[in-house]
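First up is the structure itself, then whatever we jot down about it.
The values are calculated or read from the model by the stated rules, or taken from the named source; none is laboratory data. Predicted model, so just to flag it, every value in this text is computed and none were measured. A quick note on method: Cβ atoms are made from the backbone with ideal geometry, for glycine too, and the neighbour counts reach across all protein chains shown.
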Amino acid sequence: MSFSEPTAPRAGFVRFVGAGPGAEDLITVRGLNALRAAEVVVYDELANRALLRHCRAGTELLHVGKRAGCPGARQEEINWLLVAHARAGRQVLRLKGGDPTVFGRLGEELHALRSAGIEFEIVPGVTAACASAAAAGISLTQRGVASAAILATGHECAEKGAPALDWAALASLEATLCVYMGTRHLGLLAGRLIAQGRPADTPVLIVSHASLPSQVIRSGTLETAAELAADAAGAPSLIVIGALAASNPGLLALFRDSTVAADAR
């Protein structure tokens, strides 16, 4: 495909809209209204395709993939599509799963639009960390337990020889760690946290397909994290690591059973 930049008599506009974590009704009202008004929708793999039924007749729908482990459009191609359609005077909507500002390559697309002098708006959405906590019935923060929630990517391990994240610092903080795109490397990540001082029995939750009927919540510890991840292989998942994960009913039962077993000994 050629990436030459077309000229147009009038400028269009681009809206970045967060589709939410999965369930169709978790998109915001503003996002839904923007979807109904769009002339072109450029959507990701993780955005619920049921949302596309809200588009008006004649809307051009462009699927650009972007899911870990699956082929999709190159980022340069996506940037070009946004610029080209906006320069053609069209109202463009970039539909991203979760929230556009969280691990959605938003910065690269904004840079392309700014360089082309194209106006844009960002409409936030419910991100996977919040949706997964809600699905698991836990809080990501709590006074005296976890005063911070950290959003981190687990995907960097596949691309870098040495991790860019400071795992020693992450291990030392009394915070809830929310890991995106990390199931394929969770055994490695868990090992790093344990090596840096996090107890092996630190609670871990993996929430797959959060908010959808196919949702599955797996509970365990850093020590069993690799097994949990193997069970969740291939499913879009969010990993929650920290003390507050233990308040999930599945982990409460796990630790209760472990305590009973220990008492019996």
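A few comments on the model shown:
- Tally of residues being among the hydrophobic types (A, V, I, L, M, F, W, C) and either within 24 Å of PHE13 (Cβ to Cβ) or not in a helix (DSSP H, G or I) (or both) across the stretch 110-132: 9
- Top-ranked residue of the stretch 94-128 - restricted to ones that are of a type in the set (Lys, Arg) and modelled with pLDDT of 95 or more, ranked as nearest to CYS55 (Cα to Cα): ARG94
- Filter result for the condition that a residue is in a loop (DSSP other than H, G, I, E, B), of a type in the set (A, V, I, L, M, F, W, C), modelled with pLDDT of 95 or more and exposed (fewer than 14 other Cβ atoms within 10 Å of the Cβ), over ALA57, ALA47: ALA57
- For the residues ALA210, ALA175, ALA226, the requirement of being in contact with a helix residue (DSSP H, G or I) (Cβ under 8 Å, 6 or more places away or on another chain) and more than 17 Å from PRO21 (Cβ to Cβ) singles out ALA226.
- Close pairs (7 angstrom Cβ cut-off, 6 or more residues apart or separate chains): farther than 19 Å from THR28 by Cβ in the stretch 39-63, surrounded by fewer than 18 Cβ atoms within 10 Å (Cβ to Cβ) and small (Gly, Ala, Ser) anywhere: GLU45/GLY65; GLU45/GLY72
- Those strands (runs of 3 or more DSSP E) lying entirely in the stretch 180-243 with at least 1 residues over 16 Å from the mean Cα position of the chain (by Cα) and under 19 Å from ALA146 (Cα atoms): 203-208, 216-221
- Residues (within 15 Å of ALA88 (Cα to Cα) and assigned to a loop (DSSP other than H, G, I, E, B)) located in the stretch 9-40: PRO9, ARG10, ALA11, GLY12, ALA38, GLU39
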